[in-house]
Amino acid sequence: MSDVTISRDGHVATVELQRGPTNFVDIDLIAAIGDAYEELDADDAIRCIVLGSQGKHFCAGANLGERVKDDGDSITQEATRHLYREAHRLMSNRKPVVAAVQGAAVGAGIGLALTADFRVGSAETRLSANFCRQGYHPGFGTTYTLPRVVGQQKAAWLFYTGERVPGEAALGMGLLDWLVPADEVRAKAQEVAAEIAVSGPLAVEFTRRTLRSGMVEAFRQATYNEAFEQNLLRPTHDFKEGVTAMNDRRAPRFERR
């Protein structure tokens with residue numbers, strides 16, 4: 001797990017992504033986070049997990065370029081399903097997770113943040129489900145997790161527009177649970193985790209299991225639906241234009257084809 005490290009401090013463990021400054025995720029990185037969660041689930045001394053990342057941004061999106069087979073002009077559907085199968089593991093671990101969200105959490109990044117139980121950010125934090133802005137269908141289970149957190153109407157707006165939500169607004173709509181100065185995000189996440197760890201560990205785990213009952217199945221179904229729709233959009237002109245425009249840092253010129 002060279003790109004993911006685990007550190008322990010009493011009953012709290014920190015899982016850190018080490019692909020700064022952007023921490024783009026791919027299949028390997030998501031699998032490594034899943035492996036870390038499983039290791040910590042088996043460690044009776046650990047009662048809560050902090051998910052953090054080095055660098056400027058929590059996670060600026062997904063990069064499947066090195067692991068995804070290109071079939072002509074389109075990325076194969078199976079490859080995305082592989083990524084999502086790994087992502088399912090981030091919903092099914094036993095112990096609570098507090099995400100320390102600094103900088104950008106965009107696309108797959110907001111999806112990763114939403115798998116956590118709680119999120120800590122700052123005024124500089126920016127969250128965005130910018131899939132449609134790239135001519136793409138939302139993914140990483142966000143069609144389930146985002147409406148669950150902010151409500152159906154607000155989620156639809158965030159999906160359709162790709163709006164970047166700053167820290168204070170994110171706190172107001174529930175995307176963040178605590179807002180602190182930028183240099184205190186990790187410390188606050190660890191403080192929150194330590195507060196959870198004071199409670200009875202079995203009681204917390206069993207309560208979490210009740211609260212999250214059905215979530216893993218709903219997340220799995222959402223990613224299945226997302227992968228299907230994404231596969232339909234990948235060959236389109238609009239998807240290719242969206243990616244090109246993003247790389248060129250310009251407004252896309254979509255043609256509905």
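Tell me whether the range 223-230 contains one or more residues that are among the aliphatic types (A, V, I, L, M) and at pLDDT below 95.
Quick first cut of the range 223-230, residues among the aliphatic types (A, V, I, L, M) only: 227.
Retained after the next criterion (residues that are at pLDDT below 95): 227.
Checked the range 223-230: at least one residue is among the aliphatic types (A, V, I, L, M) and at pLDDT below 95.
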Residue satisfying condition, being open to solvent by 50 Å² or more (accessible area, probe 1.4 Å) and outside any loop (DSSP other than H, G, I, E, B), within set A187, A193:
A187
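Taking V216 as the residue in question, decide whether it is under 20 Å from the mean Cα position of the chain (by Cα), among the β-branched types (V, I, T) and either buried (at least 17 other Cβ atoms within 10 Å of the Cβ) or part of a helix (DSSP H, G or I) (or both).
Details: under 20 Å from the mean Cα position of the chain (by Cα): yes; among the β-branched types (V, I, T): yes; either buried (at least 17 other Cβ atoms within 10 Å of the Cβ) or part of a helix (DSSP H, G or I) (or both): yes.
Yes: the conditions hold for V216.
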Yes/no for V165 being touching a strand residue (DSSP E or B) at 6+ places or on another chain (Cβ under 7 Å) and at pLDDT 95 or above
yes
Anything in the range 25-43 that is in contact with a helix residue (DSSP H, G or I) (Cβ under 8 Å, 6 or more places away or on another chain) and in a loop (DSSP other than H, G, I, E, B)? List them, or say none.
D26
In the range 116-125, which residues are crowded, with 24+ Cβ neighbours inside 10 Å and without any contact (Cβ under 8 Å) to a residue 60 or more places away in the chain?
R119
So, in the range 228-257, of the ones that are in contact with an Asp or Glu (Cβ under 7 Å, 6 or more places away or on another chain) and of a type in the set (D, E), which residue ends up surrounded by the most Cβ atoms within 10 Å (Cβ to Cβ)?
D238
(1) at pLDDT below 90; (2) open to solvent by 40 Å² or more (accessible area, probe 1.4 Å); (3) not basic (K, R): which one isn't true of S74, the others all being true?
(2)
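Tell me yes or no: at least one residue of the range 45-62 is of a type in the set (A, V, I, L, M, F, W, C), in a loop (DSSP other than H, G, I, E, B) and surrounded by fewer than 18 Cβ atoms within 10 Å (Cβ to Cβ). Quick ask: steps written out before the conclusion?
Quick first cut of the range 45-62, residues of a type in the set (A, V, I, L, M, F, W, C) only: 45-46, 48-51, 58-60, 62.
Checking which are in a loop (DSSP other than H, G, I, E, B) leaves us with 45-46, 58, 60.
Subsequent filtering for residues that are surrounded by fewer than 18 Cβ atoms within 10 Å (Cβ to Cβ) retains 45.
The answer is yes, given that some residue of the range 45-62 is of a type in the set (A, V, I, L, M, F, W, C), in a loop (DSSP other than H, G, I, E, B) and surrounded by fewer than 18 Cβ atoms within 10 Å (Cβ to Cβ).
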In the range 196-213, which residues are farther than 11 Å from C48 by Cα and either charged (D, E, K, R) or surrounded by 13 or more Cβ atoms within 10 Å (Cβ to Cβ) (or both)?
T207, R208, R209, R212
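A187 - would you say it is on the phi < 0 side of the Ramachandran plot and under 17 Å from the mean Cα position of the chain (by Cα)? Break it down stepwise before answering.
Details: on the phi < 0 side of the Ramachandran plot: yes; under 17 Å from the mean Cα position of the chain (by Cα): no.
No, not satisfied.
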Test N225 against the stated conditions and say whether it is touching a helix residue (DSSP H, G or I) at 6+ places or on another chain (Cβ under 8 Å), over 25 Å from F118 (Cβ atoms), assigned to a helix (DSSP H, G or I) and open to solvent by 50 Å² or more (accessible area, probe 1.4 Å).
yes
Close pairs (8 angstrom Cβ cut-off, 6 or more residues apart or separate chains): over 16 Å from K188 (Cα atoms) in the range 1-18, among the basic types (K, R) and open to solvent by 40 Å² or more (accessible area, probe 1.4 Å) anywhere
D3/R19
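The values are calculated or read from the model by the stated rules, or taken from the named source; none is laboratory data. These numbers were taken from a predicted model, which means no experiment stands behind them. Positions of Cβ are backbone-derived with ideal geometry, glycine not excepted, and every protein chain shown enters the neighbour counts. What goes into the accessible areas is simple: the full protein's heavy atoms, side chains included, and nothing from ligands, DNA or RNA. Shrake-Rupley method; radii C 1.70, N 1.55, O 1.52, S 1.80 Å.
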